[in-house]
Amino acid sequence: MARSLWTGSLSFGLVNVPVALFTAVRDLDLHFHQIHEKDGAAIEVHRFCSEEDVEVPYEEITHGYECDDGSQVIVTDLELEAIEPRKTRTIDIEQFVDLADVDPIHFDHPYFLLPAADDDGASRAYRLLLEVMSQSDRAALGRLVMRAKEYLAIVRAGDGVLTLTTMLFADEVRSTSEIDAATQKAHKPTPKQLNAAVAVIEELTCEWDPAQHRDRYRERLEAVIERKRKGETIKAPESGKPPSPAPDLMEALERTLEELKTSGENTNRQPQEVK
């Protein structure tokens, strides 16, 4: 049974709704231990002083910040504690926005936001907020403090519950002007190329079904571990060459469209696994 990571209240105006936060994702990655290949012993990490070449106990370790001029500023644990955000048990809603106006590039980590108290009044307030947000396509922007850090968060209605997603602040999202490839001049496509590209997209369009998309790398890794457990030897495949750019974009689009139509793909089918 999943346990809540945080409990408190969702607050806006004079309304307070008791809620609990549950992570909405689970870690299915396969994790490895570092071991000595010779004898299989675990590798241990020790902290050494680069000046004295001696191991340093944890209580003697502090924090250093390197400035642009190369100098270093020492910040102690007490000084860090002094600027920690005020610990509260509320998600303070600052404003409501149209969900369509929020760029998903700002989304970070998703959580489920569920009623915290087994109380009829709390449940009614939660359901009322859920229903209003579902019908209005509005999202709530607010802040919460969790694990000594303040987060900007967006609360949305989805799948019969409220969800909360921590968000990146505006200055954490890079501008495309910082990336050379995004600022280079490009040739404007012709109307014929645009029409052909739209036709290809239409042929590949289908309803979104997340269950159709699997983590194929994890599946291959699990298969390798199972084969190794049985004593098999795994041979690494030869690395393939990346595909070359199409010399004639229009021809490539037309051939793609023809192959899609020939293979019987259409907008009403279920999505096929991408190889």
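Pairs of Cα atoms nearer than 8 Å and 6+ residues apart set the relative contact order; for the range 172-267 it is 49 percent.
Under a straight-distance cross-link criterion of Cα-Cα below 21 Å, which lysines are reachable from Lys241, leaving out those fewer than 8 residues away in the same chain? Output for Lys241: Lys275.
Among Tyr65, Tyr217, Tyr111, the largest mean-square fluctuation in a Gaussian network model of the chain, built with springs joining Cα atoms closer than 10 Å, belongs to Tyr65.
Per DSSP helix of 4 or more residues, -39500 (n - 2.57); summed, then divided by the residues of the chain. What does that give at 222 nm, rounded to the nearest 500? Show your work: numbers first, answer last.
Details: 6 runs with 69 residues, N = 275.
One gets -7500 deg cm²/dmol as the mean residue ellipticity at 222 nm.
Summing Cβ point charges (Lys, Arg +1; Asp, Glu -1) relative to the Cα centre of the range 168-207 gives a dipole of roughly 380 debye. Remark on Thr163: its backbone amide H falls under 5 Å from those of Leu113, Arg156, Ala157, Gly158, a criterion applied only to residues 5 or more positions apart or on other chains, H modelled at 1.01 Å from N.
Would you work out if the range 85-181 is rounded, prolate or oblate? Take a ≥ b ≥ c from the square roots of the eigenvalues of the alpha-carbon gyration tensor; rounded if a/c is under 1.5, else prolate when a/b is larger than b/c, oblate otherwise. Oblate shape, in that a/c is at least 1.5 and b/c is the bigger or equal ratio. As a rough footprinting exposure proxy, the listed residues Val17, Val132 were ranked by other beta carbons within 10 Å of their own, and the order from fewest upward is Val132, Val17. Against the empirical 2.2 N^0.38 Å (N residues), the chain has a Cα radius of gyration ratio of 1.43.
Where a number appears in this text, it was derived from the coordinates with a stated rule and is not lab data. The structure displayed is predicted, hence computed values, not measured ones. Positions of Cβ are backbone-derived with ideal geometry, glycine not excepted, and every protein chain shown enters the neighbour counts.
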